[in-house]
Amino acid sequence: MNADSVKDMLASDDLLERIRGINRINELPSTSERVETLIKISTGDVNQQVRYAAVSRLSNMDRASLSEEDKEKLLTAARFVLVNDSESSCQSAAADLIAALRLYEGFDDLVDTFNSTSDWMLKFSIAAGLGEMGDAKAFDFLVSILDGESSNESLLITAAIGSIGELGDERGLPIVERYLENEDKSVRERAKIARAMLLKKGAGEESI
């Protein structure tokens, strides 16, 4: 398998062949070429499975290998997918991309999307991704998820609690402790994990 073979696969009329090409994208010689190729597919392919595969592959790229220009292109593409793609799976993958690659300038886009959509999967992806993103600005927003209209949806609760734990902000300790006796087992377990993360973070800072 070489770069030309991968390009042929990506240009195929067969969607499975295009997906195979996406999975072999590392055969292309440079990170920038991989980024540009996957962006073109994620924003333009006619098949949602192929678009989803391309966006997901982008979110798994090594952030350290990306140039600032690559990051700008990725953020532009993710914003395009969030707003224009009709498939929530692709939108969720775009949210994951922003969070996983820590494209901090996309934080407001994630908040706006969360507030404007009724799609639970997209909301979940955003809430779960904000912890991985690691932007301190996310703390207040995550608390608002727990206090808002979604406060009775266990999946969103677990996602928000988990992200608060990942952020490591000590203000989150009394918040996650409210859920240690929740009637939903998954919420209780996530609260225990988040509490342990916050306590560990606090202990580490005290020892410095």
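The values are calculated or read from the model by the stated rules, or taken from the named source; none is laboratory data. The model shown is predicted, which means the values in this text are computed figures rather than measured ones. Because the Cβ atoms are built from the backbone with ideal geometry, glycine has one as well, and the counts that use them run over all protein chains shown.
Structure data summary
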| item | result |
| --- | --- |
| Checklist (1) in contact with a Gly (Cβ under 8 Å, 6 or more places away or on another chain); (2) hydroxyl-bearing (Ser, Thr, Tyr); (3) at pLDDT below 95 applied to Ser163, failing item | (3) |
| Output for the stretch 35-68, where each listed residue is closer than 20 Å to Ala3 by Cα, surrounded by fewer than 20 Cβ atoms within 10 Å (Cβ to Cβ) and among the small types (Gly, Ala, Ser) | Ser65 |
| Of the criteria (1) within 30 Å of Arg51 (Cα to Cα); (2) not assigned by TED's automatic domain parsing to the domain that holds Ser56, which one Leu180 fails | (1) |
| All positions within the stretch 69-79 that are under 24 Å from Phe114 (Cα atoms) and either among the aliphatic types (A, V, I, L, M) or loosely packed, with under 15 Cβ neighbours inside 10 Å (or both) | Glu72, Leu74, Leu75, Thr76, Ala77, Ala78 |
| Of the criteria (1) buried (at least 21 other Cβ atoms within 10 Å of the Cβ); (2) small (Gly, Ala, Ser); (3) over 17 Å from Ala94 (Cβ atoms), which one Ala3 fails | (1) |
| Search result, residues across the stretch 18-34 that are surrounded by 15 or more Cβ atoms within 10 Å (Cβ to Cβ) and part of a helix (DSSP H, G or I) | Arg18, Ile19, Arg20, Gly21, Ile22, Ile25, Glu27, Thr31, Ser32, Arg34 |
| Yes/no for Ile126 being in contact with a Leu (Cβ under 9 Å, 6 or more places away or on another chain) and in the same structural domain as Glu69 (by TED's automatic domain parsing) | no |
